[in-house]
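S.K.: My structure is below; once you've seen it, I'll send some questions.
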Amino acid sequence: MSHREPSSTGLAQMVQVESQDLSALGNRAALAMCGADTSYRSFQAACQTILDGLHDDVEQVRLYLLDPVDRMLHEEAVVDHFGGQEGADLIPLYQLPDELTAKHLSVQHNLGEQWEILVPLPAQDQIAGVLALVCFQKLPPHLDEKILRLGRSLAVGALFVRRSREAERASTLLKAVTETSGKLQGLEGRNLLLENFVTTAVEAFGFDRATLFVFDDNGRKVKSAICARTGFGVFPLPGVPDLPPLSDKPAPHPHLPGLWIPIRMGSRRLGLLFVDNIYTLEPPSRDVIQPLVDLASQAALALENARLIERLRETALRDDLTGLYRSGYFQERVKEELANSRRRKDSTGLIMLDLDHFKEINDTYGHPVGDEVLLRVADRIRQSLRVGDTACRKGGDEFIVLVPHLNAEQAGKMAQRLVDEVKSSPVELPDGRKVEIGISVGVALYPTNAGNWQDLWTRADEALYLAKQAGRGQWAMWTPQAKMSLGG
């Protein structure tokens with residue numbers, strides 16, 4: 001900065017002459033900060049007002065505003081006789097002397113030819129900011145109280161700007177929460193919902209990373225985890241780190257600059273959000289906590305709604321009696337799995353089975369016993385399923401099982417196992433009598449026996465018919481020559 005020659009008046013003389021105006025000068029500067037513009041320009045206007053009011057005895061005026069969360073003084077504006085500009089300096093609060101920060105007294109430093117006077121802007125138990133005056137003369141001790149009046153008046157404007165900024169940020173975040181809430185409520189897929197949620201936590205709230213952990217229905221184990229990270233997009237988290245003891249309130253991470261935000265629906269634990277700044281290492285600002293809690297509440301509603309919708313859809317797709325899938329859904333599942341089989345270049349099996357002499361069971365023992373028989377068979381089918389297998393009740397006493405990654409040998413073993421397990425599971429009546437159960441099974445393989453799902457379905461049905469024709473209680477594999485391999 002260019003320096004001018006010191007004036008002949010001197011700061012001490014000026015303060016004595018205009019001491020009654022220093023509080024008024026602080027008020028005028030504070031009013032300059034209390035407009036609609038809460039950017040650095042409001043601080044620049046205040047600095048200019050102070051510089052004009054103190055005449056030529058002050059070379060430079062700077063204003064700092066304290067961020068109470070990171071406990072850092074941010075230089076907002078710098079003004080001298082050659083113009084003004086936005087500030088860029090940062091001063092950690094702990095670097096300032098207690099006289100300034102705790103006792104609210106001014107502090108002076110010798111800068112060679114000049115002196116720097118730091119004036120606190122007091123706000124209850126802590127300062128709201130600091131006014132820095134650079135001048136040619138040291139302030140005499142007996143004038144200290146008079147210059148402190150300037151700081152006390154100016155503090156009102158500093159507090160106004162800080163609170164206005166907090167309100168603006170809260171409003172922006174609340175708007176983001178509201179908009180995201182609408183998006184979340186409208187999303188049908190849970191995966192899309194989760195992606196939208198973590199992306200909002202990063203983009204709207206300014207975090208470097210956001211990770212969402214979704215619990216199972218019991219709220220005990222993490223079922224899935226998804227992460228959004230600046231520069232990396234959204235991706236599933238393969239491993240689950242150690243989670244903190246869950247509470248109803250946000251909690252800071254003990255080692256990282258981040259926050260844990262619980263996601264609950266009443267007493268049910270739905271998930272846990274973790275947001276942090278792995279690049280900047282800046283701790284989360286206090287003004288984002290409540291909007292994050294609001295966002296978590298909306299996410300809880302969306303997660304719960306998605307869970308209920310999934311359950312409703314799942315229920316609608318399942319047979320009322322057995323709980324197995326209905327045939328309508330099963331056909332869609334077959335189409336999907338055959339497409340996967342083509343990509344994998346492997347084999348997929350379709351196993352169709354039918355109860356033997358089921359009409360006689362209903363006629364002899366009544367439909368309630370017939371229903372119990374159907375439940376017994378459905379249970380044995382369910383127990384035989386592997387991960388990725390799908391079973392459905394085709395209708396009446398017919399069932400179908402779709403089995404990916406299945407070759408002819410494996411298909412035969414699975415069919416025989418179903419025949420044996422059903423045969424060994426008779427239904428016992430209240431009077432002690434037992435109702436014996438038997439099934440016939442037909443098997444067809446894709447692409448060995450069929451090139452599309454319709455042909456696969458037809459040929460599994462043909463194999464089932466041939467198993468019945470061969471005497472029931474056994475299984476049959478369809479072959480291109482219509483020769484059946486019979487077992488059992």
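S.K.: Separation between the ALA470 and TYR94 pseudo-spin-labels, each 7 Å from Cα along Cα→Cβ, expressed in nm?
M.R.: Distance between label points: 8.2 nm.
S.K.: Determine the sum of side-chain charges near ILE91: Lys and Arg each +1, Asp and Glu each -1, restricted to other residues whose C-beta is under 13 angstrom from that of ILE91.
M.R.: -4
S.K.: Within the chain, what's the longest run with no trypsin sites (Lys or Arg not before Pro) in a DSSP loop and at most 12 other beta-carbon atoms within 10 Å? Give the range, please.
M.R.: 222-344
S.K.: Now for a separate question. Return the FRET efficiency for the residue pair ALA316, SER39: r is the Cβ-Cβ distance, R0 is 51 Å, and the value is rounded to the nearest 0.05.
M.R.: 0.40
S.K.: Considering only the other residues whose Cβ falls under 13 Å of the Cβ of TYR64, what net charge follows from Lys and Arg at +1 and Asp and Glu at -1?
M.R.: -3
S.K.: Please label the shape of the stretch 11-166 as rounded, prolate or oblate, based on the square roots a ≥ b ≥ c of the eigenvalues of the alpha-carbon gyration tensor (a/c under 1.5 means rounded; beyond that, a/b larger than b/c means prolate, else oblate). Mind showing how you got there, number by number?
M.R.: On the way: a/c = 1.41, a/b = 1.22, b/c = 1.16.
Verdict is rounded for the stretch 11-166.
S.K.: Gain in length, MET265 to ARG342, computed as 0.36 nm per residue apart minus the alpha-carbon separation, to one decimal in nm?
M.R.: 23.4 nm
S.K.: Relative to the longest principal axis of the C-alpha atoms of the chain, give the angle of the C-alpha long axis of helix 144-186, reported between 0 and 90° and rounded to the nearest 10°.
M.R.: Helix 144-186 sits roughly 20 degrees off the main axis of the chain.
S.K.: Hey, another quick one. Sum -39500 (n - 2.57) across every DSSP H segment of at least 4 residues in the chain, then divide by the residue count to get the 222 nm mean residue ellipticity, nearest 500. Present the calculation step by step, with values, prior to reporting the outcome.
M.R.: Numbers: 11 runs with 204 residues, N = 488.
After summing the helix terms and dividing by the residues of the chain, the value is -14000 deg cm²/dmol.
S.K.: Follow-up. Measure nothing fancy, just the Cα-based angle from helix 453-469's long axis to the longest principal axis of the chain, in degrees from 0 to 90, nearest 10.
M.R.: Approximately 30 degrees, to the nearest 10.
S.K.: OK, next. Measuring from label point to label point, each 7 Å out along Cα→Cβ, what is the LEU105 to LEU256 span in nm?
M.R.: Reported label-point gap for LEU105 and LEU256 is 4.5 nm.
S.K.: Count neighbours as other Cβ atoms within 10 Å of each site's Cβ, and list the chymotrypsin sites (Phe, Trp or Tyr not before Pro) in the stretch 37-96 that are DSSP loop with at most 14 such neighbours.
M.R.: PHE82
S.K.: Can you tell me the FRET efficiency between ARG382 and ARG163 if r is taken as the Cβ-Cβ distance and R0 is 56 Å, rounded to the nearest 0.05?
M.R.: 0.35
S.K.: Let me ask another. Quick one: helix 367-384 against the long Cα principal axis of the chain, what's the angle to the nearest 10°, folded into 0 to 90?
M.R.: Roughly 60 degrees, rounded to the nearest 10.
S.K.: Can you tell me the length gained on complete extension of the stretch GLN124 to LEU281, counting 0.36 nm per residue apart and subtracting the Cα distance?
M.R.: 53.6 nm
S.K.: Summing Lys, Arg as +1 and Asp, Glu as -1, what charge do residues with Cβ under 11 Å from the Cβ of LEU121 carry, LEU121 excluded?
M.R.: Net of charged neighbours comes to +2.
S.K.: Over the Cα atoms of the chain, Rg to Rh with Kirkwood Rh, two decimal places?
M.R.: The Rg/Rh ratio comes out at 1.32.
S.K.: In addition: In the chain, if the dipole is taken from +1 on Lys/Arg beta carbons and -1 on Asp/Glu beta carbons about the Cα centre, which of PHE215, VAL419, HIS142 is farthest to the positive end?
M.R.: Value: VAL419.
S.K.: Using the Cα centre as the reference, give the magnitude of the dipole from point charges on the C-beta atoms of the chain (Lys, Arg: +1; Asp, Glu: -1; all else neutral), rounded to the nearest 20 debye.
M.R.: 1980
S.K.: Enumerate by residue number the GluC sites (Glu not before Pro) in the stretch 93-161 meeting two conditions: DSSP loop (anything except H, G, I, E, B), and at most 10 other Cβ atoms within 10 Å of the site's Cβ.
M.R.: Listed in order of number, the matching sites are GLU113.
None of the figures in this text is laboratory data; all of them are computed from the coordinates on show. Remember, predicted model here, so these are calculated numbers, not experimental data. As a convention, Cβ positions derive from the backbone with ideal geometry for all residues, glycine included, and neighbour counts pool all protein chains shown.
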